[in-house]
Amino acid sequence: MRTRQSQTRIFGAWGAALGLGAAACMSAVAQPERGEWLEVSATFDGDTETWSVDSPDGYTIIGFDGSWDGNLDWTPEAAFDGDFGNFAHTPDGSLLWVGLDLGPDTQKEITGIRIAPRDGFEERAVGATIYGANVFNPDLYDPTPGSDFDDRGDAVPLLTIEEAPPSGEWTTFDIDHAEGFRFVFYEASPDVHDSFHTDLAGIEFYGQDIVSVSVTGPALAQAGATVTLTADVQNAAGEVSYQWLRDGEEIGGATESTYVIADVSQADEGAYAVRVTDDETEITSAARSLSVGENVPAAGGLALTALTALFGAAGVWRLRKRRVSV
Ligand SMILES: [Ca+2]
């Protein structure tokens, strides 16, 4: 469990400073009920005045440019350094936003956050919103009112902080939004920005994998050949079962991870999909069409290869439903 290790490391360090054991500290710190820490740890080197960022899964920090009064340790990385005494603080007039880019091939369902405001300026967190996005440009984005690029793309608000959380400790917020995101970020309220500078001492994001299934196999087959369709399932939990569908109807007895059609004929043409059930959810792949011809080029022919690549890439992402706790 990555989350547990991470907590041991961070709170173990603090606990040692306080003369406490790591286990005692862990039990006192709540974290979101679901998901794991999307781990990013930033460290400031005072000698070189540079940040180093460590993320086991390759996540990167995104956020505002620069810092208040040019302080090199008050950039967005300061919200990820595990130090509540240091805070990310925007340049004069800028609206704070900080978050993570999980990478072009990664989406997570965001399950919660923990935040800590700056000591003495707790109200600056009021009205802040957590967003998840997939089509979003963190390099250009600047939510400051009047900026040249305040387009959040397809960002969806996941949570708004209603009351000022205490400083010097984590406050945990659960998020229940069944959708996968590449980008997740915290954005201060423009209402607060009207009256104050905006800053943030600490933030952690939590998330979990989404389930996906796709079908691979030829899109075009020679009559009489044997066609094999394969279900490609990612991030399933526990035991997986399969039901193949043709034109939306269940195919009797087709309950393996592959579906084999021997001596294929034009009567087998149709749109094939697979419905997958794991311990937590049921998802159905995108349907893909199978055509059958009498004079299909041999496998490896340009048209066949292109079609296979095209349809082989067709997939579907669905969200993991949560098991209900009782
Ligand atoms: Ca900090």
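Observations, loosely collected:
- Selection count where residues are outside any strand (DSSP E or B), out of contact with any helix residue (DSSP H, G or I) (no Cβ under 6 Å at 6 or more places or on another chain) and of a type outside the set (A, V, I, L, M), scope region 253-299: 16
- Among the residues making up region 47-66, a single one is surrounded by 19 or more Cβ atoms within 10 Å (Cβ to Cβ) and farther than 19 Å from ALA128 by Cα: TYR59.
- Checklist (1) aromatic (Phe, Trp, Tyr); (2) within 16 Å of the ligand (Cβ to nearest atom); (3) in a loop (DSSP other than H, G, I, E, B) applied to TYR186, failing item: (3)
- ALA28 satisfies every condition listed in (1) surrounded by fewer than 12 Cβ atoms within 10 Å (Cβ to Cβ); (2) modelled with pLDDT of 90 or more except (2).
- Verdict on ILE115 being modelled with pLDDT of 95 or more, touching a Gly at 6+ places or on another chain (Cβ under 6 Å) and within 16 Å of PHE205 (Cα to Cα): no
- Enumeration of residues in region 193-221 that are crowded, with 24+ Cβ neighbours inside 10 Å, outside any strand (DSSP E or B) and in contact with a Leu (Cβ under 7 Å, 6 or more places away or on another chain): THR198
- Scan of region 262-301 for residues that are touching a Phe, Trp or Tyr at 6+ places or on another chain (Cβ under 9 Å), at pLDDT 95 or above and of a type in the set (Val, Ile, Thr), ordered by number: VAL274
- Test for SER195: is it among the polar types (S, T, N, Q) and touching a Ser or Thr at 6+ places or on another chain (Cβ under 9 Å): no
The values are calculated or read from the model by the stated rules, or taken from the named source; none is laboratory data. Remember, it's a predicted structure, so these values are computed and weren't measured experimentally. Note that we place each Cβ from the backbone using ideal geometry, even for glycine, and neighbour counts take in every protein chain shown.
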